[in-house]
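Student: Below you will find the structure I want to go over with you.
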Amino acid sequence: MLNAELIKKKAIEYGADIVGIGDISYYKDTMAQRDPKNILPDATCVIGCGFRVPRALYKAMEEKRQYFNYTQLGVKLIDEEMSEIFLLKMAALIENAGYDACVQRNVSNLRIKGDKTTNPELIDTYELALAEPVAPNKVVPEIIMDFADSARICGLGSVSCKGNVLVPKFGPFVRFVFIVTNAPLATDKPFEKSLCDNCKECEKACIGNAITNGELNSWQCAVYYRGAHKSNPFMTDEFLKNHPDREAIINGEYRFDSEKARSIYKDLDFLPSKATGYAPCLCGKLCDIACYNHLKEKNLL
Ligand code: SF4
Ligand code: SF4
């Protein structure tokens, strides 16, 4: 019989590191374009699963030894391959028992209409600015769930001041998938405490000054994530040679919006990205490393 215990056992067996189940009622205040009930109207719950990203991938970047494997294994492989096989196996388990399983992987390069942010991990991100509902009582497609809040609702972790999820075992070194289902499963309580204490260590660590008063500027982040700071070991004197703001940019002092960021994307081409669509991380994710170290010091991990 399909129940929460079997779902959790199989999720771990199929490769997840953490799993929790959130009651659909906790989405009552969620905006329509992010509401799982607009994906599956008779949904009863959301199953959340997390995959750890190996610590050593971050350490290798921090020590400037290796960068590309973080992007390939820690980002792309988890989101593009491991997650998908995992989700399809879980869907088969649920649908063989007679229920629906709407599987949700990270929709990395799309933004819902009205969301002007970007995902620094992709070579570019597109807002579905022209999407319209097909009838007056319909929602604007595409429905894209809020993964961070869903992880909280599923009891897996808390949402930090800068919007990412911190989990008790892995801190920020984790990625998520979700399954919206009408299976009648016992649910977990949402994660109530906050692991983020607003210490601002992430803010201090960011070489691109992309976090201000706990708020992440995703366009500022996107430029420095892909190597605009002088600490990028692949940068040469040729980088932005004739740009009037070169010094401010490589020192992390320049302020970017979407237009300014996109205008130098073509110059931020230090390691291959075109084959996968993923931008190699050349800031070393120092924000997350600082956060992980802070949480470790506080014995929260
Ligand atoms: S480093 Fe501190 S402020 Fe930043 S996300 Fe982690 S706990 Fe929160
Ligand atoms: S350290 Fe890197 S990933 Fe973190 S906020 Fe700064 S640029 Fe973005």
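The values are calculated or read from the model by the stated rules, or taken from the named source; none is laboratory data. A quick note: this is a predicted structure, and the numbers were derived from the prediction, not measured. Quick reminder, even Gly has a Cβ in these numbers, built from the backbone with ideal geometry, and neighbours come from all protein chains shown.
Student: Do you know which of the residues in the range 68-124 that are assigned to a helix (DSSP H, G or I) and among the hydroxyl-bearing types (S, T, Y) is farthest from N38 (Cα to Cα)?
Tutor: Restricting to residues being assigned to a helix (DSSP H, G or I) and among the hydroxyl-bearing types (S, T, Y), the top hit is Y70.
Student: Follow-up. Kindly indicate whether any position in the range 262-284 is under 17 Å from E203 (Cα atoms), surrounded by fewer than 22 Cβ atoms within 10 Å (Cβ to Cβ) and touching a residue at least 12 places away in the same chain (Cβ under 8 Å).
Tutor: No, the range 262-284 has no match at all.
Student: Mind checking whether some residue in the range 126-145 is under 30 Å from D197 (Cβ atoms) and touching a residue at least 40 places away in the same chain (Cβ under 8 Å)?
Tutor: yes
Student: Further question on the same structure: Within the range 99-129, restricting attention to residues that are out of contact with any Lys or Arg (no Cβ under 8 Å at 6 or more places or on another chain) and hydrophobic (A, V, I, L, M, F, W, C), which residue is modelled with the lowest pLDDT?
Tutor: V107
Let's see how each residue does on (1) more than 19 Å from L166 (Cα to Cα); (2) of a type outside the set (D, E); (3) part of a loop (DSSP other than H, G, I, E, B):
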position	(1), (2), (3)
I207	yes, yes, yes
E238	yes, no, yes
N242	yes, yes, yes
I289	no, yes, no
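Student: Something else now. How many of the residues making up the range 197-224 are in contact (Cβ under 8 Å) with a residue 40 or more places away in the chain, over 12 Å from G252 (Cβ atoms), more than 10 Å from ligand 1 (Cβ to nearest atom) and out of contact with any helix residue (DSSP H, G or I) (no Cβ under 6 Å at 6 or more places or on another chain)?
Tutor: Summing the residues that are in contact (Cβ under 8 Å) with a residue 40 or more places away in the chain, over 12 Å from G252 (Cβ atoms), more than 10 Å from ligand 1 (Cβ to nearest atom) and out of contact with any helix residue (DSSP H, G or I) (no Cβ under 6 Å at 6 or more places or on another chain) in the range 197-224 gives 2.
Student: Looking at this structure, is Y99 of a type outside the set (D, E, K, R), outside the structural domain of Q220 (by TED's automatic domain parsing), within 22 Å of P41 (Cα to Cα) and touching a Leu at 6+ places or on another chain (Cβ under 8 Å)?
Tutor: yes
The rows are residues; the columns are (1) in a helix (DSSP H, G or I); (2) among the small types (G, A, S); (3) assigned by TED's automatic domain parsing to the domain that holds Y224.
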residue	(1), (2), (3)
K10	yes, no, no
G15	no, yes, no
G22	no, yes, no
S25	yes, yes, no
D29	no, no, no
I47	no, no, no
G50	no, yes, no
Y58	yes, no, no
Q66	no, no, no
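Student: Can you list residue pairs whose Cβ atoms sit under 7 Å apart, with the first residue in the range 156-172 being among the hydrophobic types (A, V, I, L, M, F, W, C) and the second being assigned to a loop (DSSP other than H, G, I, E, B) and within 12 Å of ligand 2 (Cβ to nearest atom)? Count only pairs 6 or more apart in sequence or on different chains.
Tutor: As it stands, the answer is C161/G214; L166/S160; L166/P172, since those pairs meet every condition given.
So that you can scan it fast, the table gives a plain yes or no per residue for (1) within 15 Å of ligand 1 (Cβ to nearest atom); (2) surrounded by fewer than 20 Cβ atoms within 10 Å (Cβ to Cβ); (3) outside any loop (DSSP other than H, G, I, E, B); (4) outside the structural domain of A91 (by TED's automatic domain parsing):
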| site | (1), (2), (3), (4) |
| --- | --- |
| I144 | no, yes, no, no |
| R152 | yes, no, yes, no |
| L156 | no, no, no, no |
| G163 | yes, yes, no, no |
| E192 | no, yes, no, yes |
| L195 | yes, no, no, yes |
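Student: Only one of V177, V223 is among the β-branched types (V, I, T) and over 30 Å from D267 (Cα atoms). Can you tell me which?
Tutor: Answer to the selection: V177.
Student: Right, here's the next one. Can you report the number of residues in the range 165-175 which are in contact with a Ser or Thr (Cβ under 7 Å, 6 or more places away or on another chain) and surrounded by fewer than 19 Cβ atoms within 10 Å (Cβ to Cβ)?
Tutor: Adding up the residues that qualify gives 0.
Student: Can you work out which of the residues in the range 193-214 that are in contact with a Lys or Arg (Cβ under 9 Å, 6 or more places away or on another chain) and modelled with pLDDT under 95 is farthest from ligand 2 (Cβ to nearest atom)?
Tutor: The selected residue is N213.
Student: When the residues of the range 124-153 are filtered to those that are closer than 27 Å to E201 by Cα and not acidic (D, E), which remaining residue is farthest from ligand 2 (Cβ to nearest atom)?
Tutor: I153
Student: Please state which one of D245, D257 is outside the structural domain of R65 (by TED's automatic domain parsing), touching a residue at least 12 places away in the same chain (Cβ under 8 Å), over 16 Å from the mean Cα position of the chain (by Cα) and more than 27 Å from E81 (Cβ to Cβ).
Tutor: So the residue among D245, D257 that is outside the structural domain of R65 (by TED's automatic domain parsing), touching a residue at least 12 places away in the same chain (Cβ under 8 Å), over 16 Å from the mean Cα position of the chain (by Cα) and more than 27 Å from E81 (Cβ to Cβ) is D257.
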